[in-house]
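Accompanying notes for the structure given below.
The values are calculated or read from the model by the stated rules, or taken from the named source; none is laboratory data. Please read all numbers here as calculations on a predicted model, not as lab measurements. Quick reminder, even Gly has a Cβ in these numbers, built from the backbone with ideal geometry, and neighbours come from all protein chains shown.
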Amino acid sequence: MTEVVQGTPEPKRMVKVFRLKAVEEWCGLKASRIWDLVKSGEFPQPINLTSEGYAIGWLEDELAAWLDKRKNSPRKLPLKQRLAQQKKTKSKRTKAA
């Protein structure tokens, strides 16, 4: 059992920053889709790593929170499978008529 002593500070945890290429690999989305989601407010905003804003990155904690939120959302079939199902449904309706 770990004893917590009041008044002692928690050890500092290093914050990991992901650059765009690493974010693409991490979440499986292309850069253009990431930027679309950032603009719509559905993806975490990057932070400036330099005062000029030439280098940007995403905080690991914010990316993890985004992924947790996505994991809890309803799942959809991939687009190809959804289109195939729609096509089957339409063909059944046509045959029935």
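Some points to look at:
- Residues of segment 1-47 that turn out to be in a helix (DSSP H, G or I), at pLDDT 95 or above and of a type outside the set (Phe, Trp, Tyr), as a count: 15
- One residue stands out in segment 18-44 among those that are over 20 Å from Ser73 (Cβ atoms) and touching a residue at least 12 places away in the same chain (Cβ under 8 Å): the one that is surrounded by the most Cβ atoms within 10 Å (Cβ to Cβ), namely Phe18.
- Qualifying residue in segment 54-69 (condition: of a type in the set (A, V, I, L, M), closer than 18 Å to Lys21 by Cβ, touching a strand residue (DSSP E or B) at 6+ places or on another chain (Cβ under 7 Å) and not in a helix (DSSP H, G or I)): yes
Residues checked against (1) aliphatic (A, V, I, L, M); (2) touching a helix residue (DSSP H, G or I) at 6+ places or on another chain (Cβ under 7 Å); (3) at pLDDT below 80:
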residue: Leu49; (1), (2), (3): yes, no, no
residue: Glu60; (1), (2), (3): no, no, no
residue: Trp66; (1), (2), (3): no, no, no
residue: Arg75; (1), (2), (3): no, no, yes
residue: Ala84; (1), (2), (3): yes, no, no
